[in-house]
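Asker: Once you've had a glance at the structure underneath, I'll fire off some questions.
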Amino acid sequence: MMMNSLGGDRQRGRRLCHSLLLGLLLLCAALATTASAAVNETQARALLQALDTRSFQAKGEAAQAIADSQATQKTRWLQALLDGRLGKERRGEQFYIVTDDSGREWPLIDAITFADAGSGSRRTVDIFKINNALRTQLQGMIASLSLAEGDERARLAAADRLIGEVSADNVESVRASREQEESQAVRARLGVALALYAAQQGDAGALDTLAGNLDTRVRNSLTTLAAGDGELAAQAQRVLDGIERKRAWYDRAQTLFFGLSAGSILVLAAIGLAITFGVMGVINMAHGELIMIGAYTTWLIQQALPGQPGLALLLAIPGGFLVAGAFGVLIERTVIRFLKGRPLETLLATFGLSLILQQLVRTLFSPLNRRVASPDWLQGAWQINDALSLTLNRLGVLGFCLLVFAALWALMRYTRLGLEVRAVTQNRAMARAMGVRAARVDMLTFGLGAGVAGLAGVALSQLTNVGPNLGQGYIVDSFLVVVFGGVGNLWGTLVAGMSLGVINQVLQPWVGAVLAKIIVLVGVILFIQKRPQGIFAPKGRVS
Amino acid sequence: MTTTALRKLIATSALATTLAGLSAPVLAADDGPIRVGILHSLSGTMAISESTLKDEMLTLIDQQNKAGGLLGRQLEPVVMDPASDWSLYAEQARTLLTGDKRVDVIFGNWTSASRKAVLPVVEELNGLLFYPVQYEGEESSENIFYTGAAPNQQAIPAVDYLMGQGVERWALLGTDYVYPRTTNKILEAYLKENGVADDDIMVNYTPFGFSDWQSIVSRVKDFGSQGKKTAVVSTINGDANVPFYNELANQGIKASDIPVVAFSVGEQELTGIDTAPLVGHLAAWNYFMSVDSDANYDFIDAWVAYTGNKDAVVNDPMEAHYIGFNMWLKAVEEAGTTDVDAVKDAIIGVTVPNLSGGAATMMPNHHITKPVMIGEIQDDGQFSVVWQTPTTVAGDAWSDYLPASKNLISDWRAPLRCGKLDVERMVCEDGAGTN
């Protein structure tokens, strides 16, 4: 300012400066007075004090009073109340906001001035409690406070909330906001809300707008309308039938997805077994524990990379494969190769191994389950429409399963190792005579099968508990899939796993989880009676 | 059993107590340590829940020894590991009650199956067992003290609370074994009594360790979107809860749409779950770690100091052992001996402070008085208590809502001493001398 003032006229410059300062001061004073007019400390204290009650209804009224007040801090108060971070000094009159409630000692700020207020704990700060009803109420208040800012998502949520809630009182304002609305999605939502209201008022024409709408509130309102009689009820029933037909298709699609995702887990768990069992004829009871090792590897990598669950999960894919594969090679070298051709003893030895591995994990880590975090991109669901949503973690596992299958198939089909493995499967003696080192093939095959089990463990860590007993739950299912699909056949395993998954999920809602499993088991036993080789018979001759 | 038989029974049991009273001073002459048996699994599937209870008992015994022991004698813990194997519980209970290190009291068990296995052993050998977990009721033993909740101290108040919140439709989900099945039977009878239609109740059971929740959760979602306010009552036990809650979160079921109230999910179980998407789902217990009382803060501080882990959590069954242990101490002091019969008589009516700022009293039916609390899950893995009974509730051994047991009561005081008394016919179906 000084520099820019004309020439060297310092007098004038100084005067200008003075007036500017004065203006600033005045402005500050004006701001201060408006702030104190908004809400002074006593009023703020009174607003917060009203929250200090045991009754949730009184608390709701107090929160509403805050939302209606002129307090500049109100959004932050309501947010802190919603987060369970607003509280009062237990033996005093101060109000605090907890800035971090993760430990046992909490850093605090003063709720009125937002100034730093040292630290406190549960012994010294009484946090204001909220319940579900109040939580919903608070979310509404905060949403309507931020609605003024005109965010499209907030408007969409508000419009969504109006479906079924339009009444004679607010119908005009809803119509008006629909006229003014620019966003197509919000307009459509408001249109549905208005049409539902019109239909409830007896306007049969409005029902056409609702045809094919999958919102459950629309369906529920139409069910009420259809229960009446007259032309309107018949019309409502027709629209309702259309909706139900559409929903039924989406329900079937959803069941199919559930089945495929359950099947993909079975396939992942079984495919490693299909390789070892098929090629070497080894009944590996420790297969489940190899899955568990893959899952624990994921957990370990996550521990090493805190705060990056996504990266850790991606690294766990090769990591789980290598660690479980190494265990597999070790088991093959130290136990299985000495028990060649003695299936019963192999079974017992590997069963013993499975117990040893379980106890090893219990001793090394703990008998408690370990929590493997899911990255953001595997949480929540892909909402296709109101009737169909696919959970992302299941979708991820399904995709992963298909990738693993494709990779394994390509390995068997196009590589030297694959050729040798197939040769040994079909005729061990002949393959050896042709110069294939069967012992080496055995070792690599077992390592490969174990590695794939490790991959299954990585995938399962996203769906279920990671604990010492993780593998036990899958070993029987895996054998079931392998036997059903045909021993040593990759395609058989895929088809068998997927179809058992779908059958199970179709049955589950009807008969319950336990009976569904029994029915599947009995079905497979009967099928094996009829067709001992499984769905796809092995092509080679047993040597 | 006729009334004459009943009278004869009362007479013999009165005689038995007198004899026991006479022999008591002889036993008290022993001045070795007083042995306390701890019968909790430290390995196998139940180790998750039970191993903490063993540690807690060791802490409590240690504290008591530092405070001068009991009757001028030291307490000595005898720790067993039944390895989550129900028959091993019975075997080890026998060892505790007959072996070289014969104990004066046992604190132990978690699942109902293991308690049912131990019951005949403690009755035969006249032992004392303190059982700290919420259970299905429909049982009363002269030798067992139930310091966990009976259904009327947990399930029924929780349903009442939800009815008060406007819930009209109920999905009862449980693990497939005796506790969930009995509890759900009681709840179904109770709901129907309160005018809930058959169509508005859905019941589903899943095996232990179940993880494929997608189609069941999706069915609950459908069940809950029929226009009536719906709630899930969960008696799902053990680690099946983690995938269950994850599936709820992934399918976008929020507590404001379909609240889930659980009877077997506490602070310990929540340590394995990201609770941010679960905020607002409920649990019913008689104690929460977040309860505001100085006794509770002291208890937590002692536990954190013992475990050396500042994130260590405490839960409801731990409070039950805390109460049970203190009740036993007080009863032994009152009786002046650790003799089982004397302690059994002395403990009825004993009142000790609980951790939520109130007091617990041992009732004549061997159950205790407890406050019932409903807590909502918070994003830090703790519960915030949103509702609480104004007074404590006495445990009811035999449910009033099941036709088979609604006339039954249990009263182990002399001269009645009957665990299964039909008050309508005044017939004792299970009392002293009968099993």
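The values are calculated or read from the model by the stated rules, or taken from the named source; none is laboratory data. Fair warning: this is a prediction, and the values are worked out from it, not measured in the lab. Don't worry about glycine lacking a Cβ; one is built from the backbone with ideal geometry, like all the others, and counts go over all protein chains shown.
Asker: Here is a check on your reading of the model: is A:V441 part of a helix (DSSP H, G or I), assigned by TED's automatic domain parsing to the domain that holds A:I301, β-branched (V, I, T) and buried (at least 24 other Cβ atoms within 10 Å of the Cβ)?
Answerer: Details: part of a helix (DSSP H, G or I): yes; assigned by TED's automatic domain parsing to the domain that holds A:I301: yes; β-branched (V, I, T): yes; buried (at least 24 other Cβ atoms within 10 Å of the Cβ): no.
Criteria not met by A:V441.
Asker: So, one more: Out of (1) surrounded by 24 or more Cβ atoms within 10 Å (Cβ to Cβ); (2) more than 26 Å from the chain's Cα centre (by Cα); (3) within 14 Å of chain B (Cβ to nearest Cβ), what's the single condition that is false for A:Q505?
Answerer: That leaves (2) as the condition not met.
Asker: Look through segment A:349-365, keep the residues that are free of Cβ contacts under 8 Å to residues at least 24 places away in the same chain and hydrophobic (A, V, I, L, M, F, W, C), and return whichever of them is farthest from A:R440 (Cα to Cα).
Answerer: A:L364
Asker: Still on this model: Which of the following residues is aliphatic (A, V, I, L, M), modelled with pLDDT of 95 or more, under 21 Å from B:Y179 (Cα atoms) and not assigned by TED's automatic domain parsing to the domain that holds B:T183: B:A360, B:A320, B:A331, B:A397? So that I can check it myself, show each step before the final result.
Answerer: Details: B:A360 fails: under 21 Å from B:Y179 (Cα atoms); B:A331 fails: under 21 Å from B:Y179 (Cα atoms); B:A397 fails: modelled with pLDDT of 95 or more.
None of the others qualify; the one that does is B:A320.
Asker: Can you find, within segment B:249-275, the residue that is nearest to the other protein chains (Cβ to nearest Cβ) among those that are within 20 Å of A:G84 (Cβ to Cβ) and aliphatic (A, V, I, L, M)?
Answerer: B:A255
Asker: Next up: Return the only residue of A:G486, A:G467 being farther than 21 Å from A:Q533 by Cα and touching a residue at least 40 places away in the same chain (Cβ under 8 Å). Steps first, answer last, please.
Answerer: Values: A:G486 fails: farther than 21 Å from A:Q533 by Cα.
On inspection, the qualifying residue turns out to be A:G467.
Asker: Taking strands (runs of 3 or more DSSP E) that do not extend beyond segment B:358-418, which have at least 2 residues that are in contact (Cβ under 8 Å) with a residue 24 or more places away in the chain and more than 14 Å from chain A (Cβ to nearest Cβ)?
Answerer: Details: elements: B:359-361, B:373-377, B:383-388, B:408-411.
By residue number, B:359-361, B:408-411.
Asker: Within segment A:190-226, count every residue that is in a loop (DSSP other than H, G, I, E, B) and of a type in the set (G, A, S). Explain how you work it out, then say what you get.
Answerer: At the first step, the residues of segment A:190-226 found to be in a loop (DSSP other than H, G, I, E, B) are A:201-203, A:211-215.
Cutting the leftovers down to of a type in the set (G, A, S) gives us A:202, A:211-212.
Result for segment A:190-226: 3.
Asker: Return the only residue of B:D55, B:D31 being surrounded by fewer than 16 Cβ atoms within 10 Å (Cβ to Cβ), modelled with pLDDT under 95 and not β-branched (V, I, T). Lay out the reasoning, then the answer.
Answerer: Working: B:D55 fails: surrounded by fewer than 16 Cβ atoms within 10 Å (Cβ to Cβ).
Exactly one residue qualifies, and that residue is B:D31.
Asker: Output yes when any residue across segment A:290-310 is more than 13 Å from chain B (Cβ to nearest Cβ), surrounded by 15 or more Cβ atoms within 10 Å (Cβ to Cβ), more than 20 Å from A:L470 (Cβ to Cβ) and among the hydroxyl-bearing types (S, T, Y), and no when none is.
Answerer: No, segment A:290-310 has no match at all.
Asker: Something else now. Can you find, within segment B:225-239, the residue that is surrounded by the most Cβ atoms within 10 Å (Cβ to Cβ) among those that are out of contact with any Asp or Glu (no Cβ under 7 Å at 6 or more places or on another chain) and over 20 Å from B:A155 (Cα atoms)? It would help to see each step written out before you state the result.
Answerer: Taking segment B:225-239 as the starting set, the residues that turn out to be out of contact with any Asp or Glu (no Cβ under 7 Å at 6 or more places or on another chain) are B:225-227, B:230-239.
Restricting the remaining residues to those that are over 20 Å from B:A155 (Cα atoms) gives B:225-227, B:239.
Values: B:S225: 17, B:Q226: 14, B:G227: 16, B:D239: 24.
Top of the filtered list is B:D239.
Asker: Restricting the search to segment B:217-245, which residues are at the interface with chain A (Cβ under 7 Å from one of its Cβ atoms) and among the hydrophobic types (A, V, I, L, M, F, W, C)?
Answerer: So the first thing to find is which residues in segment B:217-245 are at the interface with chain A (Cβ under 7 Å from one of its Cβ atoms), and the list is B:218-219, B:225-227, B:239, B:242-243.
Answer for segment B:217-245, where residues must be at the interface with chain A (Cβ under 7 Å from one of its Cβ atoms) and among the hydrophobic types (A, V, I, L, M, F, W, C): just B:V242.
Asker: Kindly indicate which of B:A312, B:A305 is out of contact with any Phe, Trp or Tyr (no Cβ under 8 Å at 6 or more places or on another chain), over 20 Å from B:A231 (Cβ atoms), of a type in the set (G, A, S) and not in a strand (DSSP E or B).
Answerer: On the way: B:A312 fails: out of contact with any Phe, Trp or Tyr (no Cβ under 8 Å at 6 or more places or on another chain).
None of the others qualify; the one that does is B:A305.
Asker: Out of the residues in segment B:281-298 that are facing chain A (nearest Cβ under 9 Å) and surrounded by fewer than 21 Cβ atoms within 10 Å (Cβ to Cβ), which is nearest to the chain's Cα centre (by Cα)?
Answerer: Restricting to residues being facing chain A (nearest Cβ under 9 Å) and surrounded by fewer than 21 Cβ atoms within 10 Å (Cβ to Cβ), the top hit is B:S290.
Asker: Another question, then. Quickly run through segment B:81-126 and pick out the residues that are acidic (D, E) and in contact with a Lys or Arg (Cβ under 9 Å, 6 or more places away or on another chain). First the steps, then the outcome.
Answerer: Filtering segment B:81-126 down to residues acidic (D, E) leaves B:81, B:85, B:91, B:100, B:104, B:123-124.
Within segment B:81-126, B:D81, B:D104, B:E124 meet the criteria.
Asker: Filter segment A:385-416 down to the residues that are within 13 Å of chain B (Cβ to nearest Cβ) and surrounded by fewer than 17 Cβ atoms within 10 Å (Cβ to Cβ) and list them by number. Please lay out each step first, then the result.
Answerer: Taking segment A:385-416 as the starting set, the residues that turn out to be within 13 Å of chain B (Cβ to nearest Cβ) are A:386-398.
A:D386, the sole residue that qualifies.
Asker: Could you please find all residues in segment A:282-330 being farther than 24 Å from A:Q472 by Cβ and over 21 Å from the mean Cα position of the chain (by Cα)?
Answerer: Selection gives A:A304, A:P318.
Rundown of residues vs (1) without any contact (Cβ under 8 Å) to a residue 12 or more places away in the chain; (2) β-branched (V, I, T); (3) away from chain B (no Cβ under 14 Å), yes/no style:
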position: A:N170; (1), (2), (3): yes, no, yes
position: A:V174; (1), (2), (3): no, yes, yes
position: A:E179; (1), (2), (3): yes, no, yes
position: A:S183; (1), (2), (3): no, no, yes
position: A:A193; (1), (2), (3): no, no, yes
position: A:G205; (1), (2), (3): yes, no, yes
position: A:D208; (1), (2), (3): no, no, yes
position: A:L214; (1), (2), (3): no, no, no
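Asker: Right, next: Could you check, for segment A:508-522, whether at least one of its residues is more than 13 Å from every other protein chain (Cβ to nearest Cβ), in a helix (DSSP H, G or I) and either touching a Lys or Arg at 6+ places or on another chain (Cβ under 8 Å) or free of Cβ contacts under 8 Å to residues at least 24 places away in the same chain (or both)?
Answerer: Scanning segment A:508-522 turns up at least one residue that is more than 13 Å from every other protein chain (Cβ to nearest Cβ), in a helix (DSSP H, G or I) and either touching a Lys or Arg at 6+ places or on another chain (Cβ under 8 Å) or free of Cβ contacts under 8 Å to residues at least 24 places away in the same chain (or both).
One line per residue, one yes/no per condition, for (1) touching a Leu at 6+ places or on another chain (Cβ under 8 Å); (2) within 14 Å of chain A (Cβ to nearest Cβ); (3) surrounded by 21 or more Cβ atoms within 10 Å (Cβ to Cβ):
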position	(1), (2), (3)
B:G166	no, yes, no
B:G174	no, yes, yes
B:Y177	no, yes, no
B:N184	yes, yes, yes
B:A189	yes, no, no
B:G209	no, yes, no
B:S215	no, yes, yes
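Per-residue answers, yes or no, for (1) within 14 Å of chain B (Cβ to nearest Cβ); (2) within 19 Å of A:R135 (Cα to Cα); (3) at pLDDT below 85:
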residue: A:W77; (1), (2), (3): no, yes, no
residue: A:A80; (1), (2), (3): yes, yes, no
residue: A:I97; (1), (2), (3): no, yes, no
residue: A:W106; (1), (2), (3): yes, no, no
residue: A:D116; (1), (2), (3): no, no, no
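Asker: Something else now. Could you check segment B:115-128 and list, in sequence order, the residues that are touching a residue at least 40 places away in the same chain (Cβ under 8 Å) and surrounded by 22 or more Cβ atoms within 10 Å (Cβ to Cβ)?
Answerer: Matches in segment B:115-128: B:V118, B:G127, B:L128.
Asker: Right, another one. Closer than 30 Å to B:A312 by Cα, surrounded by fewer than 19 Cβ atoms within 10 Å (Cβ to Cβ) and among the polar types (S, T, N, Q), is that true of B:T369? Full working, then the answer.
Answerer: On the way: closer than 30 Å to B:A312 by Cα: yes; surrounded by fewer than 19 Cβ atoms within 10 Å (Cβ to Cβ): no; among the polar types (S, T, N, Q): yes.
Taking the combined requirement at face value, the residue does not satisfy it.
Asker: Turning to a different aspect of this structure: Against the definition (surrounded by fewer than 18 Cβ atoms within 10 Å (Cβ to Cβ) and outside any helix (DSSP H, G or I)), how does A:E182 come out, yes or no? If you could, list the steps in order and put the result at the bottom.
Answerer: Values: surrounded by fewer than 18 Cβ atoms within 10 Å (Cβ to Cβ): yes; outside any helix (DSSP H, G or I): yes.
So A:E182 passes the test.
Asker: Which fully enclosed strands (runs of 3 or more DSSP E) of segment B:117-232 have 3 or more residues being more than 18 Å from the chain's Cα centre (by Cα)?
Answerer: Where strands (runs of 3 or more DSSP E) fall fully within segment B:117-232 and carry at least 3 residues being more than 18 Å from the chain's Cα centre (by Cα), they are B:169-175, B:201-206.
Asker: Further, regarding this structure: Tell me, please, whether a residue that is touching a Lys or Arg at 6+ places or on another chain (Cβ under 9 Å), in contact (Cβ under 8 Å) with a residue 12 or more places away in the chain, of a type in the set (A, V, I, L, M) and closer than 26 Å to B:E269 by Cβ can be found in segment A:310-321. Lay out the reasoning, then the answer.
Answerer: Keep residues of segment A:310-321 that are touching a Lys or Arg at 6+ places or on another chain (Cβ under 9 Å), which gives none.
Checking segment A:310-321: not a single residue is touching a Lys or Arg at 6+ places or on another chain (Cβ under 9 Å), in contact (Cβ under 8 Å) with a residue 12 or more places away in the chain, of a type in the set (A, V, I, L, M) and closer than 26 Å to B:E269 by Cβ.
Asker: Is segment A:118-140 home to any residue that is away from chain B (no Cβ under 14 Å), of a type in the set (S, T, Y) and part of a strand (DSSP E or B)?
Answerer: Filtering segment A:118-140 for residues away from chain B (no Cβ under 14 Å) gives A:118-119.
Subsequent filtering for residues that are of a type in the set (S, T, Y) retains A:119.
Then drop every residue that is not part of a strand (DSSP E or B), which leaves A:119.
Yes, that holds for at least one residue.
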